[in-house]
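Input: a single structure, listed below in structure tokens.
Where a number appears in this text, it was derived from the coordinates with a stated rule and is not lab data. Given the structure is predicted, the values throughout are model-derived calculations rather than measurements. With ideal geometry, Cβ positions are generated from the backbone for all residues, glycine too; neighbour counts draw on all protein chains shown.
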Protein chains: 2
Amino acid sequence: MSSEYPFIKACWGQPVDCVPVWLMRQAGRYLQCYKDVRAKGGGTFLDLCKDPARAAEVSIQPVDILKVDAAIMFSDILTPIEPMGMALDFVPGPVFANPVRTAGDVDALVVPEDMAQAVPYIPEILQRLRAAFAGRVPLIGFGGAPFTLACYMVEGKGSKDFAALKKMMYGDFALYDALMQKITAMDCRYLNMQIDSGAQAIQIFDTWGGLLAPHDFERYILPYAKKLMDGLKRQGIPVIYFVKGGGTMLDLVKQAGADVVGLDWHISLGKARDILGDKVAVQGNLDPTVLYAPKAYIEKEVQRILDENAGRDGLIFNLGHGILPDVPPENAIHMVECVHRLGRK
Amino acid sequence: MSSEYPFIKACWGQPVDCVPVWLMRQAGRYLQCYKDVRAKGGGTFLDLCKDPARAAEVSIQPVDILKVDAAIMFSDILTPIEPMGMALDFVPGPVFANPVRTAGDVDALVVPEDMAQAVPYIPEILQRLRAAFAGRVPLIGFGGAPFTLACYMVEGKGSKDFAALKKMMYGDFALYDALMQKITAMDCRYLNMQIDSGAQAIQIFDTWGGLLAPHDFERYILPYAKKLMDGLKRQGIPVIYFVKGGGTMLDLVKQAGADVVGLDWHISLGKARDILGDKVAVQGNLDPTVLYAPKAYIEKEVQRILDENAGRDGLIFNLGHGILPDVPPENAIHMVECVHRLGRK
């Protein structure tokens, strides 16, 4: 039963014997075996995302190596944007050759009826993973939040300020809204397809949500995030909403209606839980650079976060952002071991 | 009298007829006349910093053009690191050829006795500016906070994570502390020299302070920031402490003891003032990208921030970070005009 996994129980705020833990970006470059699989197939990062056998293989590696309590499908938040009609490349950061700037560009965007057909490798990865895990760990599906997807689609690439999107937001709200409605509709179908394909929880990444001031978050992000969550088939499937930089506006982040709020490391977990109240679980929030530290230091930091939680239910231990590519794997293994040892009731 | 400037009165939390305003990085690339002066002299960005005539000229430009209520010396936070024995270059971001990594590197760092001799162009710029303004606007001096300076000195350049510094912090606290003590001692002399040379207020930039979790801010930043502020000749000279990303830990930022806390745009001004209490003035906090917006939008945003302040004394209007290099100057002029019109008592 999916509902018996500690990770899933913690998402629902139910008591668990031991705090569950996984790591954002746990399938990745810090593992030599990931790099081997990546090299084995040749091709690009995007080729790896589209190769169900290899994508499943790298999703399984951290579960075996780190002994984490949940798996996450290996993919990129931008893969579903390709079938909307945008040519995607990684150089190594993501680049769209034809960024969305005009009403014509927004009109031209496709919202595929059948996302399983649009990105057929995604359901295949999920099905392979469910079969491989056979109930061992729950499987997390994920997508980008509409705002974060819009950042890349309008800017055409990563950016410090995402000025092109900001100009659209401030200068032509109707155009911004039309774009966001299309992205939200796509995202909803995409994530529901993941649920239909076997995802047992969904994480929504709003990596750039913290770029906006709180009142702008309320106007330009929250309505679409809410609409997305309202449109998901959430029966039995917990939803995690992670807004990087959301610590100064958790009251607003909470309003999106997720079951779990992901926390970066810029706010103390205790303070965050006080703001969020006891109806919402939390996930976080170790500074990813702490995995550079000596093992004894890592253990102290794990203990500190557990102390801040003060025994409350509804905690999923994680990093406050993705694991860094040059972290020694033994430090990540140690962190997971510390959570399992120190987080036992 | 310095104490009669609206900017200075607001720093002390005293009533003013109209909310004062200036812009971080107001001397800069968004102004064609800045680019002209930069080009006129030939040479590098660092050459401009070291040329008192041209540095003074670009410091004056925004006062004339924007009609702001304060001037800030044109310089870079890293210029005083050169006489510590580190070769500095801008390519265009700052680069130190010999980053500080070992005990030997820290031992080799010089803390100049006489900062006026070590960076002779700095007192000359300040004296030229005081003479040029002749009481028209107050003159702000500035420096980097010890932590932010350490970020660059240890990493050797800008970075997303400043992993080299984090590794030193976590792995060898004694070395980190030795480095920070030296930087703090230099910084204190450097800023006191600016006060002696005519600076009428001091802003301390902790651009990377928000990289740390709150409990790490408390351990790795706050003691040195406090020591720096305690060592400044503060009689009649207000001190502003700006921690970018400090919104989730303003209670700690306040403990550094500045007269004014600078706010980025990630926290609502009203909430920040509630946390900080009425003994501390604030400076901020318009999202710099709002200067890309249509003029009517800019006006509404100025009004919103003034509304959040709710008539409290001790507000200096500013951006939440430096002005962006491609902002239309007329939008910056308009913003200042809006503050002066809408911020009148």
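Residues B:165, B:46, arranged from fewest to most other Cβ atoms within 10 angstrom of their Cβ, appear as B:46, B:165. Sorted shortest first, the separations between the residue A:330 label point and its copies elsewhere in the assembly read 6.4 nm; each point sits 7 Å from Cα along the Cα-to-Cβ line.
Let me have the 222 nm mean residue ellipticity of chain A computed from DSSP H runs of 4+ only, each contributing -39500 (n - 2.57), with the sum over all residues rounded to the nearest 500.
Counting only the DSSP helices, I get -13000 deg cm²/dmol.
Residue-wise HN-Hα couplings along region A:153-162, as the Karplus relation 6.51 cos²θ - 1.76 cosθ + 1.60 with θ = phi - 60° gives them from phi, are 5, 8, 6, x, 6, x, 6, 7, 10, 6 Hz; Gly and Pro carry x.
When A:226, A:182 are arranged by Cβ crowding within 10 Å, least crowded first, meaning fewest neighbours, the order is A:226, A:182.
Shielding by partners for B:155-168, please: the mean number of other protein chain Cβ atoms within 10 Å of each residue's Cβ.
Details: counts 0, 0, 0, 0, 0, 1, 7, 1, 6, 1, 1, 8, 4, 1.
The per-residue average across the peptide is 2.
Computed over the alpha carbons of chain B, Rg followed by Dmax gives 19.1, 57 Å. Label point of residue B:107 (7 Å along Cα→beta-carbon): distances to the other copies' equivalent points are 7.3 nm, sorted ascending.
When each of the peptides B:97-103, A:150-156 is scored by how many other beta carbons lie within 10 Å of its residues on average, the order from highest to lowest is A:150-156, B:97-103. Note on the protein assembly as shown: Rg/Rh from C-alpha atoms, Kirkwood Rh, equals 0.97. One residue of chain B places its C-beta nearer than any other to the axis carrying B onto A; that residue and its whole-Å distance are B:248, 3. Other protein chain C-beta atoms within 10 Å of residue C-beta, averaged over B:248-260: 2.
Please compute the length gained on full extension between residue A:113 and residue A:178, using 0.36 nm multiplied by the number of residues separating them and subtracting their Cα-Cα distance.
Working: separation 65, 0.36 × 65 = 23.40 nm, distance 1.78 nm.
Stretched out fully, the residue A:113 to residue A:178 stretch lengthens by 21.6 nm.
Remark: region B:2-342 carries a charge dipole of roughly 180 debye about the Cα centre, counting +1 on each Lys and Arg Cβ and -1 on each Asp and Glu Cβ. Each copy carries a label point for residue B:90 at 7 Å from Cα toward Cβ; from one copy, the others' points are 3.5 nm away, ordered from shortest. By the rule of a C-alpha distance below 17 Å, with chain neighbours fewer than 8 residues away ignored, the lysines paired with residue B:35 are B:50. Database remark: amide H of residue A:144 closer than 5 angstrom to the amide H of A:205 (H placed geometrically; neighbours at sequence offset of 5 or more, or on other chains; Pro and chain starts carry no H). In plain terms, the residue of B:205, A:242 with the fewest other Cβ atoms within 10 Å comes first and the most crowded comes last, giving B:205, A:242. Distance between the pseudo-spin-label points of residue A:160 and residue B:127 (7 Å out from Cα toward the beta carbon): 3.4 nm. Per residue, the average separation of C-alpha pairs within less than 8 Å and at least 6 apart gives chain B a relative contact order of 22 percent.
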